[in-house]
1. One residue is enough: does region 418-436 have a residue meeting the conditions in a helix (DSSP H, G or I) and surrounded by fewer than 24 Cβ atoms within 10 Å (Cβ to Cβ)?
2. Name the single residue, out of those in region 372-401 being among the small types (Gly, Ala, Ser), part of a loop (DSSP other than H, G, I, E, B) and surrounded by 24 or more Cβ atoms within 10 Å (Cβ to Cβ), that is modelled with the lowest pLDDT.
3. I want to confirm something. Restricting to region 172-214 and keeping residues that are of a type in the set (D, E, K, R) and touching a Phe, Trp or Tyr at 6+ places or on another chain (Cβ under 9 Å), which single residue is nearest to ASP70 (Cα to Cα)?
4. So in region 470-506, with the set limited to residues that are touching a helix residue (DSSP H, G or I) at 6+ places or on another chain (Cβ under 8 Å) and among the polar types (S, T, N, Q), which one is nearest to LYS565 (Cα to Cα)?
5. Hey, among the residues in region 165-178 that are surrounded by 21 or more Cβ atoms within 10 Å (Cβ to Cβ) and of a type outside the set (Val, Ile, Thr), which one's farthest from PRO495 (Cα to Cα)?
6. Could you run through region 251-274 and say how many residues are under 21 Å from GLN73 (Cα atoms) and within 26 Å of the chain's Cα centre (by Cα)?
7. How many residues are at pLDDT below 95, surrounded by fewer than 22 Cβ atoms within 10 Å (Cβ to Cβ) and within 24 Å of TYR80 (Cβ to Cβ) if we restrict to region 287-313?
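The values are calculated or read from the model by the stated rules, or taken from the named source; none is laboratory data. All values derive from a computational prediction rather than experimental measurement. All Cβ positions, even for glycine, are placed from backbone atoms using ideal geometry, and neighbour counts span all protein chains on display.
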Amino acid sequence: MTRSMRTVALVALAGVFALALAACGSSSSSSSSSGSAPSGVLTPATEAQSGGKRGGTLNVLNHEDFEHIDPGQSYFSIDYEADTVTSRPLYSYKPDNFKEPVPDMASGVPQISADKKTITIPIRHGVHFSPPVNREVTSADIAYALDRGANPNVGNPYFGAYFNSIVGAKTATGGPIAGITTPNKYTIVFHLTEPKAATVIGALVLPLSAPVPEEYAKKLDAKKPSEYGNYQVATGPYMWKADSSGKILGVGYQPGKSATLVRNPNWNASTDYRPAYLDQINISIGGDTNVIGRQVLEGSNMVQNDTPAQAIVKLAYEKFRSQLEISSGAGDHYVALNNKNGPFKNVDLRKAYWAVLDRKAMDKARGGELVSDVMTHFIYPEIPGFEQAGGPAGPKLDFNEHPEGDMAVAEKYMKLAGYPSGKYTGSATVQVVGSTGSPASEDAQIANQALTSLGFKTKLNLVDQSVMYSKYCGVVSEKIDVCPNVGWLADFGDPEAVLSVPFNGEYIVNNGTNSNWGLVDVKKINKAMKAAELVVGKQARAEAWAKIDTELVEEAVAAPYDWSKQPNIESKNVAGVGDVANEGSWDYSFTSLK
């Protein structure tokens, strides 16, 4: 799942660092992630975060590859699991607490001016970059990291959505941003053009705010695309294995094959809240999810850190329950429909597709009620605005009423779209790009069958999920008609972080990885979002964004099917600790071997 990535936070506008978090991302979970689960099943709330055994190597078996290993580019849950242990953003979350982030590279809470347009943050002393840089981190390194967000060679997917209110950010291209100043080595100040302190501070939990040394990275960032990810240096307890020059590619990362995280020799435990028990994390990439799952459950020293196959989740629940963890509210999945190009420019065709789609079957393919609830609109459960937008049932619209699919309603909208027979008779072949591996491939097949049932000719292509995002669905110029396996993890615990990046036409990224996969660009909704960004107060914001959610449903901008609960599996000798944030994945810096 991309954040689609990703961690969640919302800073109260009163200037107090109090976050009202209830999100699922972009990759994250709702606060209910730490709540109840079936008897014998672990949750982030029931796992010990201290007292772990030190030492040993954890073997991670993943079907999926990383999308981007550069923290300035990453926007994918698997990317974030490496980011969170190698790169330290200004603020982060402890595994079981999604309500209040803790200072990470920051040494304290942000100070917000009365007009909500100036943010001052103190920086932690004594944090050093890994080899070959080896020096102490300063505020200038964080400023440069954020400058990178506007560099087209980096192609950060969320910079415009969350940081454009910084003075000079809208016109920045990678050079110094005027609104980011560093009065001394241990202070960074953000000057805003609008009173959007809550949005900016909330986004400082994202990997983009992790420090990057300009003298080392600038030459790498000058290349298109940037090569910094292949030579990056770490600030966390672990670093990508590298050679003496700092090169990671081919050393600590073999795309499609493996990755290795080793101890950062310059990490100082006294500056960090992470215990970092493990000596090394070996990540194997590729393979059948059913085979991987059995290896993990029956083996030792192993976890799987992408979604296990449905059959494996069932097996774990029935026979290895103590090795299963579930985090509820772990994001969503929906079918992205191209609103700009091809047949689904027609809103009635989008409604017809929503109506006929068997969302219950898609959720069953993911494992049923244990790991999934049928999605009826776009704001996640427990996020402000969820109930105002219709709660579990969603808006009362005929194409949303029957999650098992309703051909009669679908044919009604096909006729309204100009097809009297109730079936598509156009000449277009619909390009469908989905993800390999169970349960994604099963969902893609169900989504494709819904298209053919309406008379569409389709061409279905299944690829690795990271490729699906980075080469097809996240590339505007590819003009993919249908992407059935996209998912979203809110970036901070406010409805803005759920709806803005994936559905605001103002934030479509044409020259990088785009997360508005359906190219949704409804002018009246864009305008409503701009106004809602400035609304103050939890209740008022909930109501404003709930109205936008309903408008998105009325436009059938995508076909939602799954509010996720993330299952994770581990070997019997692993004391895994899962994150409430970031889809509920295992946290390498708290996990240990028994």
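1. Within region 418-436, the subset in a helix (DSSP H, G or I) is none.
Checked region 418-436: no residue is in a helix (DSSP H, G or I) and surrounded by fewer than 24 Cβ atoms within 10 Å (Cβ to Cβ).
2. Let us first name the residues in region 372-401 that are among the small types (Gly, Ala, Ser), namely 372, 385, 389-391, 393-394.
With part of a loop (DSSP other than H, G, I, E, B) added as a condition, the list becomes 385, 389-391, 393-394.
Adding the requirement that they be surrounded by 24 or more Cβ atoms within 10 Å (Cβ to Cβ) leaves 385, 389.
Values: GLY385: 89, ALA389: 96.
Ranking the candidates gives GLY385 first.
3. Step one: list which residues in region 172-214 are of a type in the set (D, E, K, R), which gives 185, 194, 196, 214.
Keeping just the survivors that are touching a Phe, Trp or Tyr at 6+ places or on another chain (Cβ under 9 Å) gives 196, 214.
Details: LYS196: 27, GLU214: 15 Å.
The selected residue is GLU214.
4. ASN485
5. First pass over region 165-178, keeping only residues surrounded by 21 or more Cβ atoms within 10 Å (Cβ to Cβ): 165-166, 169, 172, 177.
From the residues that got through so far, the ones that are of a type outside the set (Val, Ile, Thr) too are 165, 169, 172.
Working: SER165: 18, ALA169: 23, ALA172: 27 Å.
Among those residues, the one meeting the criterion is ALA172.
6. Taking region 251-274 as the starting set, the residues that turn out to be under 21 Å from GLN73 (Cα atoms) are 251-261.
From what is left, the residues that are within 26 Å of the chain's Cα centre (by Cα) are 252-261.
Qualifying residue count, region 251-274: 10.
7. Of the residues in region 287-313, 1 are at pLDDT below 95, surrounded by fewer than 22 Cβ atoms within 10 Å (Cβ to Cβ) and within 24 Å of TYR80 (Cβ to Cβ).
Okay, residues lined up against (1) in contact with a His (Cβ under 8 Å, 6 or more places away or on another chain); (2) surrounded by fewer than 20 Cβ atoms within 10 Å (Cβ to Cβ); (3) polar (S, T, N, Q); (4) within 20 Å of ASP70 (Cα to Cα):
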position	(1), (2), (3), (4)
ASP243	no, yes, no, yes
ILE248	no, no, no, yes
VAL251	no, yes, no, yes
PRO255	no, yes, no, yes
LEU261	no, no, no, yes
ALA269	no, yes, no, no
PRO275	no, yes, no, no
ASN282	no, yes, yes, yes
